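Since the structure comes first, as structure tokens, the remarks are kept for the end.
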Amino acid sequence: PVAIEGNSPLYDEAAIDAFAQERARRAPSQRGRRPRLMPGLARDAAFAERLRAASADGAGAPEVPTQAALIDLLGLNVVTFGERMRGRTRWTDAELEVIRRTLGVDTTDANEVVDRARAAKRQARAARSHAGS
């Protein structure tokens, strides 16, 4: 910042433009921070990959032609949908039924990543409490 006005930093417009141009020249892997991943788990769940592929192949057309239409049909916002796809939060039974019905995707392992993460946390917690005893 070149100055502070109240609680807001003020930046030089030329410096912002130079930063944006420099960032655009970076390799794609260095353009921004990487998304957080659950430690020790696969980068992508098989279910999320199947859901992406089915959506990209137009499996839900004409009712659900895009992933955005699926998000609307599920009644989720983009952030919540992303959390589900990354395995950070559980899919509800109602959401899985809509996915099964409209896209024909097998949903048996939909919450596998979340379940493994929770089991790992429980084990770590139990190990810590056992070590502390």
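The values are calculated or read from the model by the stated rules, or taken from the named source; none is laboratory data. Note that the structure is a prediction, hence the values are computed from the model and not measured. With ideal geometry, Cβ positions are generated from the backbone for all residues, glycine too; neighbour counts draw on all protein chains shown. Note: accessible area is taken over every heavy atom of the protein model, side chains too, but ligands, DNA and RNA are not part of it. Shrake-Rupley method; radii C 1.70, N 1.55, O 1.52, S 1.80 Å.
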_Contacts under 9 angstrom Cβ, first residue in region 44-56 being closer than 16 Å to Leu96 by Cβ and of a type in the set (A, V, I, L, M, F, W, C), partner part of a helix (DSSP H, G or I) and open to solvent by 20 Å² or more (accessible area, probe 1.4 Å), 6 or more apart_ = Ala45/Glu112; Ala46/Glu112; Phe47/Glu112; Ala48/Arg84; Leu51/Gln67
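Report yes if Leu41 is at pLDDT 80 or above, surrounded by 12 or more Cβ atoms within 10 Å (Cβ to Cβ), under 16 Å from Arg84 (Cβ atoms) and under 15 Å from the mean Cα position of the chain (by Cα), otherwise no. Walk me through how you get there before you give the answer.
On the way: at pLDDT 80 or above: no; surrounded by 12 or more Cβ atoms within 10 Å (Cβ to Cβ): yes; under 16 Å from Arg84 (Cβ atoms): yes; under 15 Å from the mean Cα position of the chain (by Cα): yes.
No: the conditions fail for Leu41.
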*asked:* Return the pair list, or none, for Cβ contacts closer than 6 Å from residues in region 94-106 that are under 14 Å from Arg84 (Cα atoms) to residues that are in a helix (DSSP H, G or I) and of a type outside the set (Lys, Arg), at least 6 apart or on different chains.
replied: Glu95/Leu74
*Is region 85-101 home to any residue that is in contact with a Phe, Trp or Tyr (Cβ under 7 Å, 6 or more places away or on another chain), surrounded by 13 or more Cβ atoms within 10 Å (Cβ to Cβ) and modelled with pLDDT of 90 or more?*
no
